[in-house]
There are 2 protein chains.
Amino acid sequence: MTPKIIEGRDIKGTKRGRGRPAVFDRSRALMAAMTLFWERGYEGTSFDDLIAAMGISASSFYNSFGSKEALYCEATKSYLDWSGHWFFAILNDPSIDTRTAFARLFESTAEEFTRGDHPPGCMISLAGTHCPPGMKHIREMMVEHRAFSEGAMAERIRKGIEAGDVPEDTDCDMLAAYYSAVARGLAVQARDGASREKLSEIGRLAMRAWPAGTARQQSGPGRNRG
Amino acid sequence: MTPKIIEGRDIKGTKRGRGRPAVFDRSRALMAAMTLFWERGYEGTSFDDLIAAMGISASSFYNSFGSKEALYCEATKSYLDWSGHWFFAILNDPSIDTRTAFARLFESTAEEFTRGDHPPGCMISLAGTHCPPGMKHIREMMVEHRAFSEGAMAERIRKGIEAGDVPEDTDCDMLAAYYSAVARGLAVQARDGASREKLSEIGRLAMRAWPAGTARQQSGPGRNRG
DNA sequence: GGATTTTTGGAGCGATGACACCAAAAATAA
DNA sequence: TTATTTTTGGTGTCATCGCTCCAAAAATCC
């Protein structure tokens, strides 16, 4: 097994405390776990699958991650860190108006859901929707994550009303719920093998439902003066 | 246990062949299984959960249904029989035009996804999307079911073009993919506890993406003369 | 160097999951 | 009645699942 250890530092070169150094790269292992959960779901991913993909032993697993459920939570957070990056970058981009932000959101979704370097679709959108009572905790966690992104969309639309690029009589929560639903639908399509172009076009169609008309300021960048 | 048997007939009063009569109602047991699969998913539903909910023994289970997977297929067909009823009744209603058909489809979806007498959401929409390699068969089955309903929608839109109530330059497959995605999204929303009104309104918003404009015959019932 | 701390390898464990087997029971057919 | 067919109850089985324990190894701290 020849642990390749550099004096005083671990594999990634960061300083360590005392104790035997880990032979594996924790964040790499976490990514491997994330990928597996993403592809197979929580229930479909077994303990043995995990430690095999992560390249570690059962002992190291529990020493470093605690339990399957704890690992799933961590993998989920890792995923959200990652996807939240592009998601919020677009949603909160001050240089574009609200409608453009949502259009770009779907362009990026189509892209992210069909990249070759990770499983298709989304790790959150469909997770914990149908599960046994014993998975209540996980289920509630996923429901919360979904509600969070829907809430962020609603907030963005509200800002759009303030900025004047969204009609004032728009039901922000409902419009967000709609776009949230479309995103979940895209996740299903992606899982079923839809192409990037197909997802893109679905997103474009979804944008045709954007509220028409009487915004104070029809288009152009939102000023976000509020 | 007292099996209540009427001479020569089984519980449901239908004629039997020879052999010891079954003490349980097969279609009732199937419904119970369907409900459980619907609520918890395939992996989340254990053998013991099933026979408990169906009120039968392991022997009766395997004698009558073969295996968990076979039962799942049967439960799925049962579900499709059932949901296909209202789905195709609306989709193929000759008295309404294409756009109205889709609007009604979503009204009904909102209703069916939030009825008290069965689990919320849909048994097909999100099933088999994230699963291990060993569930390939089930996965492919569900992908096919989803493709089937999407195909039916596309077909209906094509008929709409023929009938003249849908613009001729409409991309039928893509529009169907969009509405299919929305329906999947509604399933997620329903599973997360969305109200009937919320689903309804999402459906109404989705209808705003309907192709505008240059149909040969703007509205009114489609004649289906083709 | 010795104490301490942490990770690792490897074996094992109790529970559950899905199913298999078999003889008895209860019906019909001959 | 007897033979045949089918269902039932009960028990057993075999693999997997998620996890635990323990002693050895490899680092740091004093």
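The values are calculated or read from the model by the stated rules, or taken from the named source; none is laboratory data. Fair warning: this is a prediction, and the values are worked out from it, not measured in the lab. All Cβ positions, glycine included, derive from the backbone under ideal geometry; neighbour counts span all protein chains shown. All accessible areas refer to the heavy atoms of the entire protein, side chains included, with ligands and DNA or RNA removed. Shrake-Rupley method; radii C 1.70, N 1.55, O 1.52, S 1.80 Å.
Odds and ends about this structure:
- Cβ separations smaller than 7 Å between residues 6+ apart or across chains give the following pairs from region B:110-138 residues that are free of Cβ contacts under 8 Å to residues at least 60 places away in the same chain to residues that are open to solvent by 20 Å² or more (accessible area, probe 1.4 Å): B:GLU112/B:TRP86; B:ILE124/B:HIS145; B:HIS130/A:GLU39; B:HIS130/A:ARG40; B:PRO132/A:ARG40.
- Enumeration of residues in region B:125-155 that are closer than 16 Å to B:SER83 by Cβ, more than 11 Å from chain A (Cβ to nearest Cβ) and open to solvent by less than 30 Å² (accessible area, probe 1.4 Å): B:SER149, B:ALA152, B:MET153
- Among the residues of region B:35-76, those identified as touching a Phe, Trp or Tyr at 6+ places or on another chain (Cβ under 6 Å) and among the aliphatic types (A, V, I, L, M) are B:ILE51, B:ILE56, B:LEU71, B:ALA75.
- Condition check for B:SER180: within 28 Å of A:ASP173 (Cβ to Cβ) and at the interface with another protein chain (Cβ under 9 Å from one of its Cβ atoms): yes
- Odd one out for B:ILE124 among (1) of a type in the set (Val, Ile, Thr); (2) within 30 Å of A:TRP38 (Cα to Cα); (3) in a helix (DSSP H, G or I): (3)
- Among the residues of region A:80-122, those that are within 20 Å of A:GLY151 (Cβ to Cβ) and among the polar types (S, T, N, Q) comprise A:SER83, A:ASN92, A:THR98, A:SER108, A:THR109.
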